[in-house]
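All remarks here apply to the structure that follows.
No value in this document is a laboratory result; all are computed from the given coordinates. Given the structure is predicted, the values throughout are model-derived calculations rather than measurements. Note: ideal-geometry Cβ built from the backbone for every residue, glycine included; neighbour counts use all protein chains shown.
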Amino acid sequence: MKLLRILFALLVISAISFSCKSEKKEAGEAADTAIEETTETSEAAEEPTEEAAEEATEEGAEASESTEEAAEEGAEEATEAEKKITVVFPKDTKLQDEVKDAMKELATGNPELEKHFHDAYAFAVFPKITKGGLGIGGAGGHGLVFDNKTVIGQSNLAQATFGLQAGGQQYMEVIFFEDQPALERFTGGKVKFSGQASAVALKDGASVDINYQDGVAIFTKTIGGLMAEASVGGQTFKYKPGIN
């Protein structure tokens, strides 16, 4: 009888032990399942966040590139605007159109001269001077005078020439004034170029220096004709305020 009690007790203990092991195993499996589900949920939550971060980074980079491109375009436009020679005419005239075309042609291929149209204190532009003769000749033309890139008056140019010459020539001329006294001498009719005076003959692509003599710097560019010489010696000017 005692032996049976012992065996029964052992069976009960084994059953309880097996039951505890099963519960522990199930609990462990449940815990593992919960951990896996939590990890999957975390990964699923991280994926949209990473995608959103990547999209935000790409959008930010694109926005930055667009801003840089817009800034570069703005800088280019500003540079082009600086290069463009802008002048003010009180009214539309045929001479005005000729002067605008002459300024563009004078500046073409001569960046130093183009810059000087911006920097000079004042200037006078004669779009077409006709010169010709045999032995004794002459030249003449009409132009506009600018102060602070605004037309202040008109000027008539006349020139008598002597010496061996033949053929005819047309050319344009610009006179830059270094300061206000030089401009006032011109508008006061006190400027007359001596027989030895000469202008710088412009050629496309050739470098030019802006050197003032007695407050003026003179440049010419041939329009056509046979006479290569473009001396400005003997040129006289009559100034008239305003524009007709």
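Using a Förster distance of 22 angstrom, determine the FRET efficiency expected from the C-beta separation of Asp214 and Asn148, and round it to 0.05. Let's see the in-between values first.
Numbers: r = 22 Å, r/R0 = 0.98.
Result of the calculation: an efficiency of 0.55.
Return the distance in nm (one decimal) between the two label points of a simple spin-label model at Tyr121 and Thr93, each offset 7 Å from Cα along Cα→Cβ.
It works out to 2.5 nm between the two label points.
Please arrange Tyr171, Tyr212, Tyr239 by counting, for each residue, the other beta carbons lying within 10 Å of its beta carbon, fewest first.
Working: Tyr171 23, Tyr212 14, Tyr239 17.
Lowest count first: Tyr212, Tyr239, Tyr171.
Given a Förster radius of 25 Å and the C-beta distance between Thr130 and Lys104 as r, what FRET efficiency does 1/(1 + (r/R0)^6) yield to the nearest 0.05?
On the way: r = 20 Å, r/R0 = 0.81.
With a Förster radius of 25 Å, E is 0.80.
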